[in-house]
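See structure below.
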Amino acid sequence: MTAVRTLARHSMWRFILATAAAVFGIALASGFTSSSAHAQSITVYSSGSIAVADTRQLTAYVPLSPNTVTWSVNGIAGGNETVGTVSSAGLYRSPAAVPSPSAVTVTATSTAYPEKSASVTLTITQKVVQLWSISPTSTPVGSYTIRINGANLTKDTVVYAGDEPLKTTYASSTSVTAAGTVVAAQAGKKINITVRNPGLGGTTSSAVQLSVTSGGDGSSTTPAPISVSLSPSTSSVNAGGTVQFTASVRGTDNTAVTYTVADVLNGNETVGTITPAGLYTAPKKVPGTNPVTIRATSAASGTATAVATVSIVGPPDPGPGQGTANLSAGRFLEQAAFGPTPSELARVKQMGFDAWLNEQFAMPETDIPMPAEGNLQNADLRAQYLNRLSAAPDQLRQRVSYALGNIIVISMNKNIYPNEIIPYLQILSRNAFGNYRTLLDEITTSSQMGKYLDMANSRKPGPQGGANENYPRELMQLFSLGLVMLNPDGTPKLDDNGKTISVYDQNTVAQVALALTGWTFPGPQNNNWENFSGPMKPVDANHDMTEKNFLGCKLFAGQGTVLDKDQTLDCIFKHPNIAPFISVRLIRALVTSNPTPPYVARISAVFENNGAGVRGDLKAVVRAILMDPEARNDAATLQGGKLKDAIYHITAFSRALNGRITPTNQLTWTFTQMAQTPLAPPSVFGFYSPLYRIKSGIVGPEFQIYTPTESVLRGNALWQMISNPGGDFAIDLTPFSSVAGDTQKLIDAVDQALLYGRMSPGLRQQIANAVAAQQDATSRWQIALYLGALSGAYTVQY
């Protein structure tokens, strides 16, 4: 496309381009497209199903100029309530009821060449009722009541024990209760529990087993004691600043608490005030009694309390908005970008966080060009990648793409050529602010992932092969659901014995693998050799057509390659685990390795519903993560923040020095020494395990590759940047060299550039001692900057 744009500038080529454009069609996809064998025609194979009252983001790829389209449903511009509607951006919303016929055609038509269009057929289905779990999972002989956790439950839903309908009470679309009776003859046996939505097009869930034990009726239980926890337990804040406290109440449905500050209800001007939501505002002057005690008391039990302390330090905080403090703006850009540059720091202080986010969301994405074959070497690809992270103007997109790349991994350890990795980077960038369902779709059918996790040419069981389980397993374990069932706040669900509950088992992996058979690389055959010119193509002849059951979902026999793939991703996308699992991964990537459960719950709720009924809206999720009170709390806490990995640390340091990594850098070996070869993580888990703990209960993924060896090598890399940046970095060191003769000004310059004015007195003294021991001006400013960059205060983002 870059070459086409260049040619278009010359009038002599305009007629040629217009003629060439006329032979192209439009590729329309629900997350992906494919070319047919005909070189001058693009066909569409993305037909699939969508449940009533649901949405599906469609994308038109238009190799024409202008590349805009109009949308219609069954020939109706924009559609209507009967057949569904489609927005100008291609967001299709299915009707509330299944139309007749149930299949609708959504068409994108080029505005430049109205005769060129492409369509996708979507089949409207009833929502499939799903059963995730029951509680309790066992019952004694006698009467019992169980709670059903599922999806798409209605007021007409009926719970069945075997073939017997139970008295069912509706609570919500994800929960019902059912009452029944088991007799002595059933003791020691297991009963299949299912849920059914009756009526036209009604569906039945897969079964979950209820174990029957001998003994009483099981109606007597001892209620758990009410307890309260308060986070953060210790913190510090500038006079006039704020700290967000979060109280968690267990053992009761009443989660309300009252707060006191120094035993004064809601506090006062002397000791600070606290809102019912837990937002503490420190007094403008340091109080006589310091630190101050914050107490949260359960509204359900006056004896259930939790205590935290906050130390008031320093001068009044200038506050957010116009004139936002350096600390607030600097922390924000550490989370939302690869750290601040001096100019970006000033802009955020002037315009505020919301305006900056809006600007970034609207900014065009930085191009990741696909060069002609053989014109780009791996070293060049890695160099350009590092340059984009440090210099691209769409910093928020770069930061989120980097985070997504640590969740959904493809590595150059296996995909060794640029055309096996660049389209993957493009998918991450294109979908950074899009919908997670679309991202999963494009990744699933990408030929790059087809090679990396072996889904390409995975086929139905038979003499010529069978279903490969690599991608299905990682799709669930790493890309969407995780290993154990989670509450909305990210804490693990426990069974009656206090043990975690698995999300899936080996049978689930096998069933999903069958559902994802029948995909091959682009090309004319049914089993094509590696070809990375576009997404994989479906081949029904290689697809397993049997019925599949997994995760509470049923895929009917004979559906075909595309429909099975669509319904598999729909099932995974609507699973209750995906919201907390992905929310935790993104929070850890952007803000803190140890988010509190309420923080996770708030982000999970946005993932579930962006406020407009859309699930998986990454733009809304990213905004919520960055603007959450826990992210915007400038007071350091014991478990707050996250270790910077080597790529982030070096990139952020170059930006702090008002510079960038150059596009011709040769830094691959430098990062390899620090266990982070760019674009080549050692496994599908990434450069480090997302579950790595630095001690019991404290998560610190990046510490896995920050051993004593790597920490020394990172120090060497920082010293090389400062003492001999060479052609790898374009940085400005004059703010430090110009004040080398004044120790106080030199330390202030380091403090403002790297720590935004939060350098501790102890660190200032250590740097001053080191500076005093130097023999010349160059050594003075170099050692000051080096110690600041290597300090724990800068190495840890908080």
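The values are calculated or read from the model by the stated rules, or taken from the named source; none is laboratory data. All values reported here derive from a predicted model rather than from experimental measurement. Glycine also receives a Cβ, built like all others from the backbone with ideal geometry; neighbour counts cover every protein chain displayed. Remember, those area values only see protein heavy atoms, side chains included, never the ligands or the DNA or RNA. Shrake-Rupley method; radii C 1.70, N 1.55, O 1.52, S 1.80 Å.
Compute, for the range 478-575, the length of the dipole vector about the Cα centre, with Cβ point charges of +1 (Lys, Arg) and -1 (Asp, Glu) only. Units Debye, rounded to 20.
Once rounded to the nearest 20, the dipole reads 80 debye.
For Met455, Met370, give the ranking by accessible area with the largest first, probe 1.4 Å.
Met370, Met455
May I ask you to rank Tyr113, Tyr794 by accessible area, largest first, using a 1.4 Å probe over the protein chains only?
Numbers: Tyr113 45, Tyr794 5 Å².
Sorted descending by solvent-accessible area, the residues read Tyr113, Tyr794.
For Asn80 paired with Ser214, estimate the spin-label separation in nm (one decimal), with each label point 7 Å from Cα along the Cα-to-Cβ line.
Each label point is offset 7 Å from its Cα along the Cβ direction, giving 6.7 nm.
Leaving ligands, DNA and RNA out of it, report the carbon-plus-sulfur percent of the accessible area of the chain at a 1.4 Å probe.
Using a 1.4 Å probe with all protein chains present, the chain comes out at 54 percent carbon and sulfur.
Under the 0.36 nm per residue contour assumption, what length would be gained going from the current alpha-carbon distance of Ala299 and Ser738 to full extension?
Working: separation 439, 0.36 × 439 = 158.04 nm, distance 5.96 nm.
The Ala299-Ser738 span can extend by a further 152.1 nm.
Order the following by accessible area, largest value first: Tyr798, Tyr756. Probe radius 1.4 Å; ligands, DNA and RNA are ignored.
Per-residue accessible area, sorted high to low, gives Tyr798, Tyr756.
Which pairs, out of Lys189/Lys460; Lys284/Lys349; Lys127/Lys499; Lys116/Lys460, put more than 29 Å between their alpha-carbon atoms?
Lys189/Lys460; Lys127/Lys499; Lys116/Lys460
Is it possible to state the helix-based mean residue ellipticity at 222 nm for the chain, with each DSSP H run of 4+ residues giving -39500 (n - 2.57), the sum divided by total residues, to the nearest 500 deg cm²/dmol? What is it?
Counting only the DSSP helices, I get -9000 deg cm²/dmol.
Assuming R0 = 30 Å, can you tell me the calculated FRET efficiency for the pair Val98 and Ala179, based on Cβ-Cβ distance, to the nearest 0.05?
0.40
Can you give the FRET efficiency for Ser135 and Asp454, using 1/(1 + (r/R0)^6), R0 = 41 Å, r = Cβ-Cβ distance, to the nearest 0.05?
0.65
How high is the relative contact order of the chain, in percent, counting Cα pairs under 8 Å that sit 6 or more residues apart?
10
Given a 1.4 Å probe and the protein chains all in place, what does the accessible area of Met449 round to, in Å² to the nearest 10?
The accessible area of Met449 comes to roughly 0 Å².
Return a whole-number percent for the relative contact order of the range 646-779, with Cα pairs under 8 Å and 6 or more residues apart as the contact set.
Value for the range 646-779: 26 percent.
Can you work out the FRET efficiency for the pair Ala355 and Ala612, with r the C-beta to C-beta distance and R0 = 25 Å, to the nearest 0.05? Please report the intermediate quantities before stating the final value.
Values: r = 21 Å, r/R0 = 0.86.
About 0.70, to the nearest 0.05.
Please give the length that would be gained between Trp529 and Thr70 if that part of the chain were fully extended, namely 0.36 nm times their separation in residues minus their C-alpha to C-alpha distance (nm, one decimal).
Length gained, Trp529 through Thr70: 161.6 nm.
Run the simple label-point estimate for Glu547 and Val712 please: 7 Å along Cα→C-beta, distance reported in nm.
Going from the Glu547 label point to the Val712 one covers 6.4 nm.
With every protein chain in place, what's the accessible area of Thr592 (1.4 Å probe, Å², nearest 10)?
Looks like 10 Å² after rounding.
I'd like to compare 487-500, 139-152: which one has the highest average count of other Cβ atoms within 10 Å, and what's the full order after that?
Packing order, densest peptide first, comes out as 139-152, 487-500.
Leaving out ligands and nucleic acids, and using a 1.4 Å probe, what accessible area per residue does the chain come to in Å²?
42
Please compute the length gained on full extension between Ser87 and Asn413, using 0.36 nm multiplied by the number of residues separating them and subtracting their Cα-Cα distance.
Stretched out fully, the Ser87 to Asn413 stretch lengthens by 113.2 nm.
Would you mind putting 690-699, 384-393, 90-99 in packing order, based on average other-beta-carbon counts within 10 Å, highest first?
384-393, 90-99, 690-699
Dipole of the chain (Lys/Arg Cβ +1, Asp/Glu Cβ -1, origin at the Cα centre): which of Leu754, Val286, Phe332 lies farthest to the positive side?
Val286
Rounded if a/c is under 1.5, else prolate if a/b beats b/c, else oblate: with a ≥ b ≥ c from the C-alpha gyration tensor eigenvalues square-rooted, which is the range 724-774?
Prolate is the answer for the range 724-774, as a/c is 1.5 or above and a/b outweighs b/c.
Cβ under 15 Å from Gln797's Cβ, Gln797 left aside: what net charge do those residues give with Lys, Arg +1 and Asp, Glu -1?
+4
Which aspartates and glutamates, on any chain, are close to Lys642 with Cα under 18 Å apart, when same-chain ones fewer than 8 places away are left out?
Glu334, Asp628, Glu630, Asp634, Glu702, Glu710
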